[in-house]
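Below is one structure, written out as structure tokens; the observations come after it.
The values are calculated or read from the model by the stated rules, or taken from the named source; none is laboratory data. No experiment lies behind these values; they were computed from the predicted model shown. When we count neighbours, we look across all protein chains shown, and the Cβ atoms used for this are built from the backbone with ideal geometry, even at glycine. We work out accessible area using only protein heavy atoms, side chains counted, and drop any ligands, DNA or RNA first. Shrake-Rupley method; radii C 1.70, N 1.55, O 1.52, S 1.80 Å.
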Amino acid sequence: MVDAKPISSFEGLIAQLDAENLPFRRAETEEAVSVPTRLGDEDSVLHIRWEAVPGVVQFLQVLPLTVPESRRDEMAILIGRINVALPVLGFTLNPKNGVIAFRTHAFLGKEGVIAPGLIGALIATAVRTTKTFLPQLRAAGMETAALHLI
């Protein structure tokens, strides 16, 4: 049985990932890990960043697609429409490089801890949501401007 002790530090997060036998790679320069994920037939990665100040744990599931510069404004509008319908936000688009990700977070409670079960739940939510909307986002990112003239 996995230990259900609240997580109060980045080292506690590492211990929880180890206890759950989740593969990950630890970042060298910040309190962050990268967890390999699978979105249907495609490999991807989910980053978990421990932000002691202001007391947030960030979860960032990267999508395996890059939006061409010519499609980024339209993609931003689509992402806004999708986010309105989501129970847990949300998709982001980096306007500089066209990378789409699903970003969510958990706040450390007033005791400065997070429940260990919340880590797995947010990983699962990020992967499931991304997998659900990946086909729609991919199709929108790959359309050419000429299709809109028809």
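For the reader, a short list of remarks on this structure follows.
- Cut-off 10 Å between beta-carbons: net charge of the residues surrounding Glu30, Lys and Arg +1, Asp and Glu -1: -1
- Sorted into 10 angstrom bins from 0, the C-alpha pair distances of the chain split as 11, 38, 31, 15, 4, 1 percent.
- Phi-based couplings in Hz for segment 114-129 (Karplus 6.51, -1.76, 1.60; Gly and Pro marked x): 10, 5, x, x, 5, 4, x, 5, 6, 4, 4, 4, 4, 5, 5, 5
- Estimated from helical segments only, the mean residue ellipticity of the chain at 222 nm is -11500 deg cm²/dmol, where each DSSP H run of four or more residues counts as -39500 (n - 2.57).
- Each of Val88 and Met142 was given a label point 7 Å from its Cα along the Cα-to-Cβ line. The distance between the two points is 2.8 nm.
- The candidates Ser8, Ser34, Ser70, arranged from most to least accessible area with a 1.4 Å probe in the full protein assembly, appear as Ser70, Ser8, Ser34.
- Averaged over its residues, segment 1-107 has an accessible area of 58 Å² per residue, based on protein heavy atoms and a 1.4 Å probe.
- With DNA, RNA and ligands ignored, accessible area of Arg38 (1.4 Å probe; Å², nearest 10): 120
- For Thr66, solvent-accessible area (1.4 Å; no DNA, RNA or ligand), Å²: 80
- Cut-off under 5 Å, modelled amide H: who pairs with Glu51 long-range: Val56, Val57, Gln58
- Förster radius 30 Å - calculated FRET efficiency between Arg81 and Ala121 (Cβ-Cβ, nearest 0.05): 0.75
- Taking all protein chains together, Thr130, Thr92, Thr125 sort by accessible area into Thr92, Thr125, Thr130, largest first [probe 1.4 Å].
- Relative contact order %, segment 21-150, counting alpha carbon pairs below 8 Å whose residues are six or more apart: 23
- Within straight-line cross-link reach of Lys5, lysines at Cα separation under 17 Å, skipping those fewer than 8 residues along the same chain: Lys110
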